[in-house]
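Below is one structure; the comments refer to it alone.
Every number here is computed from the coordinates shown, using simple stated rules; none is lab data. What you see is a predicted model, and the numbers here were worked out from it, not measured in a lab. Methodologically, a virtual Cβ is constructed for each residue, glycine included, from the backbone with ideal geometry; neighbour enumeration extends over all protein chains shown.
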Amino acid sequence: MKRILNGLPRHKGACLGIAFLGVLALAACFAGLLVDPLAQDLASALEGPSAEHWFGTDELGRDILARVIYGARTSLLTAAGAVAIAAALGIPIGLIAGYFGGWRDTVLMRFVDVLLALPGILFAMALIAVLGRSQATALVAVGLTGIPGFARVTRAETLALRTREFVLAVEAFGGSSTYSIFRTVLPNAWSPILVQTVVLAAVAILLEAALAFLGVGIPPPTPSWGEMLRTGKTYLYDSPSYAVLPGLVLTLTILSLDAIGRALASILRESEGLHDAPLAEAGAP
Amino acid sequence: MIGFILRRLAELVPVVLIASIGIWGIIYAVPGGPVGALVGENATPEQIQAVTAELGLDRPILVQYVDWLRHALGGDLGTSLQSREPVAKLIGQCLPATVQLGIAAILIGLLLGLPVAVASAMAPGSWLDRALAGWSALALGVPTFWLGILFILFFAVQLQWLPSASSYVPFWQSPGAMIANVVLPASTLGIYVSGIFARFLRASLLGELRADYVRTARSKGLRERDIVTRHVLRNAMLPFITVVGLMMASFIGGALVTEAVFTYPGMGRLMIQAIATRDYPLLQGSILVVLVIYVVINLAVDVLYVWVDPRLDYGA
């Protein structure tokens with residue numbers, strides 16, 4: 001932790017990213033005090049940016065900035081929930097597969113291969129088609145697509161730690177495999193898992209927005225960036241800023257997380273020889 | 001070599017089989033089952049029974065699965081519930097469009113990504129390297145559906161140079177019209193993959209530049225440019241083949257969002273349509289086709305990789 005705090009100031013992009021995400025999170029937390037995302041004013045529909053409405057208004061005369069701020073709530077909460085689901089399932093899979101090897105490794109990793117065999121967005125859409133469209137389904141669908149990332153990173157780290165002296169020593173002293181996994185392996189495997197968490201948060205936000213853009217994400221009237229881009233695209237001729245500004249906030253959020261992830265990877269790699277974990281791995285083109 | 005290919009093929013069978021069970025099972029996981037989705041809520045018991053018999057859903061589950069798989073292996077993926085046309089025919093119409101878009105996107109990605117990677121690997125840590133790293137981060141971080149919208153706004157709405165909705169024109173019919181239709185979606189995807197290509201190839205090049213043969217070449221007095229283009233790039237390209245192949249594979253099913261932005265009639269739009277209309281045979285068929293192509297491209301990439309690099313062991 002101290003290593004990260006010391007190393008961070010050298011990565012200016014990551015600092016900017018943290019500042020941006022901080023402002024966004026604050027706005028999302030206190031959104032109720034600031035703005036009303038549902039107040040309609042049909043007389044001033046589809047207006048461009050003005051002093052009264054900084055981001056302009058949508059087709060129902062609702063303030064776009066207000067909806068972007070409420071959309072941040074949706075995006076950040078979905079990302080947090082999805083990453084939690086992916087970590088809760090993916091990390092144990094990686095630990096068991098890497099620690100025990102053998103048939104457990106084969107079976108679990110085949111399962112992960114099958115998950116990986118389908119593009120994440122397709123898997124999520126099929127799941128939504130089956131379970132119906134709701135906030136919970138979107139969360140679970142995005143979360144499940146994150147399992148392979150956590151499982152593979154954790155497994156690779158566990159495999160490397162498995163043969164280290166301090167793990168072997170615990171075994172030699174008769175420590176149970178549960179003790180060994182949770183008290184010796186996991187605490188030493190956290191750095192790549194941390195990087196993976198940041199990367200996956202970005203992927204989750206992107207995937208949630210993509211699903212909403214395709215019209216299968218969180219159902220309206222809950223404000224969502226992807227949904228705003230979807231509607232905004234139909235008014236490109238009347239009000240170009242409608243689709244552009246929410247997309248800009250989404251893009252800045254993704255870029256911030258990517259910068260933080262790369263800074264973390266670089267800081268931790270300097271001390272531990274960690275692999276690069278680029279955003280590319282599970283993107284949604 | 002033949003043995004290696006056969007062994008890899010054999011390894012794929014369980015993955016495809018497990019996935020096929022999952023894909024086929026989609027139809028049963030739906031609340032109300034496939035019949036409910038088809039006949040609606042107000043159907044009489046007789047109607048439900050008739051549709052159940054028509055779809056063969058009254059047979060034992062295992063029989064149904066084996067039957068579905070046997071037909072699928074023979075190229076018969078069933079009939080679309082919506083358009084009443086054979087699923088295989090609908091896929092046959094959309095797949096070429098997606099493949100054409102994918103190839104165009106990969107070409108643009110290589111065109112943008114290769115120079116970026118080479119330029120930054122030749123001067124690691126320089127201002128140019130940092131600027132190009134920023135470009136890669138931007139290429140990867142900007143969502144394709146937002147970039148696509150910006151492209152439409154600029155080239156279709158403002159300048160009115162290109163159509164805002166792209167249709168599929170085969171290259172051999174009219175190269176000019178094909179380029180006009182495919183350039184925006186292909187650039188949107190191409191910029192994204194150029195970020196992946198640049199990051200990967202840069203790392204691969206930097207690894208090669210530390211090799212002994214590079215030091216030998218430098219001590220012989222070869223120009224740095226010749227070392228990179230003649231020796232290093234060739235070796236660094238080997239693992240890069242895998243990345244290009246993987247991207248092509250993921251485009252077959254993964255260009256969904258970009259196809260939606262430009263209303264391009266490819267596999268992605270077919271699948272979105274299948275999901276929206278609850279057309280289960282169409283959904284099952286297209287996911288199965290995408291999966292098989294994905295897995296086969298992966299295999300082809302592995303084989304190609306071993307073939308172009310004789311140092312690799314077939315047994316590995």
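As a calculated quantity, the FRET efficiency between A:A136 and B:Q47 at R0 = 35 Å, using C-beta atoms, amounts to about 0.65.
If you run the Gaussian network model on chain B, springs between alpha carbon atoms under 10 Å, then out of B:S174, B:S136, B:S20 the most flexible one is B:S174.
Simple spin-label estimate for A:L89 and A:W190 gives 2.5 nm between the two label positions (7 Å along the Cα-to-Cβ direction from each Cα).
In this structure, B:V66 and A:R164 have a Cβ-Cβ separation that, at R0 = 41 Å, corresponds to a calculated FRET efficiency of about 0.25. Applying both filters, DSSP loop and at most 15 other Cβ atoms within 10 Å, to the chymotrypsin sites (Phe, Trp or Tyr not before Pro) of region B:149-192 gives B:W161, B:F171, B:W172.
Among the DSSP helices (H) of chain B, those spanning at least 15 angstrom by Cα along their long axis with an average Kyte-Doolittle hydropathy of 1.0 or more are B:2-29, B:87-122, B:175-209, B:233-254, B:280-308; this is a geometric and hydropathy rule only. Helical content of chain B, expressed as a calculated mean residue ellipticity at 222 nm, amounts to -24000 deg cm²/dmol (DSSP H runs of 4 or more residues, -39,500 (n - 2.57) each, divided by residue number, nearest 500).
Kirkwood analysis of the Cα pair distances in the protein assembly as shown returns a hydrodynamic radius of 26.0 Å. For region B:107-204, what log10 I(q)/I(0) values come out of the Debye formula at q = 0.19 1/Å, with one point per alpha carbon and no solvent? Values returned for q = 0.19 Å⁻¹ are -0.89. Length gained on full extension, B:L57 to B:F154, computed as 0.36 nm times the residue gap minus the Cα-Cα distance: 29.8 nm. Taking a point 7 Å from the Cα of B:L162 along the Cα-to-Cβ direction, the residues of region B:195-210 with backbone N closer than 20 Å to it are B:195-197. Each label was represented as a point 7 Å from its Cα along the Cα-to-Cβ direction; for B:R215 and A:E171 these points are 3.7 nm apart. Per residue, the convex hull spanned by the Cα atoms of region A:161-219 amounts to 102 cubic angstrom. Indicate the gyration tensor shape class of chain B (rounded, prolate or oblate), computed on the Cα atoms with a ≥ b ≥ c the square roots of the eigenvalues: a/c under 1.5 is rounded; otherwise a/b larger than b/c is prolate and the rest oblate. It is oblate, given that a/c is not under 1.5 and a/b is not larger than b/c. Placing unit charges on the Cβ atoms of the charged side chains and taking the dipole of region B:196-316 about its Cα centre, the candidate lying farthest along the positive direction among B:L291, B:M248, B:A274 is B:M248.
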